[in-house]
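Here the structure comes first, spelled out in structure tokens, and everything after it is commentary.
The values are calculated or read from the model by the stated rules, or taken from the named source; none is laboratory data. The model shown is predicted, which means the values in this text are computed figures rather than measured ones. Positions of Cβ are backbone-derived with ideal geometry, glycine not excepted, and every protein chain shown enters the neighbour counts. Side chains included, ligands, DNA and RNA excluded: accessible areas come from the protein's heavy atoms. Shrake-Rupley method; radii C 1.70, N 1.55, O 1.52, S 1.80 Å.
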Amino acid sequence: MNETSAAVRQPAGKPYVLDVRAFGRRPGTSAQVHRTVAAPERIGVDLVGIDAGEEIDLDLQVQAVSEGVLVTGTVSADTSGQCARCLGDVSGALNLFLTELYAYPDSETDKTSDDDDVYRIEDDLIDLEQAIIDAVGMELPLDPTCSDDCPGLCQGCGEKLADLEPGHAHEQIDPRWAGLAKFASEGEADGK
Ligand SMILES: [Zn+2]
Ligand SMILES: [Zn+2]
């Protein structure tokens, strides 16, 4: 395959779109794309995500192959969310590797794949937005923690264990014995 480079253009006002018309479908043609885009909405899972408007850094290689255009590279952004154990704030950085094939409209891949299974190139345009949203959702942890050893919340009072005295505990009385304990203490009060 001949390695040639071609320009990838960005249609005005569409930061997530790559215009690969200049590739002319020549396999081996490639380009480096470095862009910073803003998250169009909050992207992530329940407890952690990239806030709407947060910068997402894209460092991608875009390469024509026989069936379409292959996009590979890194997607990086700051994340924020909530600790799954103590519910405190967590912030972090996400750095994931994206690999996505965008099939040509009349390629074998296009004809033999369901609409949901592979992205398509439409009018020489590649729209990265959904691929990035999906990749971020797959990469983020479902149970982020503020630290590896976060002890979570006290079951008795709901306070953060990390903020409480060592050995903090609540007297637990088994509900089956609670009536008996009450009876016993009343007996003591009567002096019998
Ligand atoms: Zn925590
Ligand atoms: Zn407590």
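Estimated translational diffusion coefficient (Stokes-Einstein, Kirkwood radius over Cα pairs, 10 °C, 1.306 mPa s) of region 29-97: 118 µm² per second.
A Förster distance of 30 Å, applied to the separation of the beta-carbon atoms of Ala162 and Asp51, puts the FRET efficiency at 0.75.
Over the residues of the chain, the helix contribution to mean residue ellipticity at 222 nm works out to -5000 deg cm²/dmol, using -39500 (n - 2.57) for each DSSP H run of at least 4.
Here the chain carries DSSP beta bridges of which approximately 90% are antiparallel, counting only pairs with both residues inside.
Using the Cβ-Cβ distance between Asp114 and Ser66 with R0 set to 22 Å, the FRET efficiency from 1/(1 + (r/R0)^6) comes to roughly 0.60. The alpha carbon centroids of region 70-126 and region 33-57 are separated by 12 Å. Per-residue SASA remark: Phe97, around 140 Å² accessible (1.4 Å probe; ligands, DNA and RNA not included). For Ile121, the accessible surface of its heavy atoms amounts to roughly 10 Å² (probe 1.4 Å, protein chains only, rounded to the nearest 10). Shown here for region 60-133: trypsin sites (Lys or Arg not before Pro) in loop regions (DSSP other than H, G, I, E, B) with at most 14 other Cβ atoms within 10 Å, of which there are none. Going by accessible surface with a 1.4 Å probe and the largest first, Thr79, Thr99 read Thr99, Thr79. A 1.4 Å probe run over region 10-106, with the rest of the protein chains in place, finds 47 Å² accessible per residue.
Springs between Cα atoms under 10 Å define the GNM used for the chain, and in it the highest mean-square fluctuation of Arg42, Arg26, Arg176 occurs at Arg176. For region 1-149, the equivalent ellipsoid derived from the Cα gyration tensor has semi-axes of 33, 16, 13 Å, listed largest first.
Per atom type, the chain shows carbon and sulfur on 47% of its accessible surface, probed at 1.4 Å.
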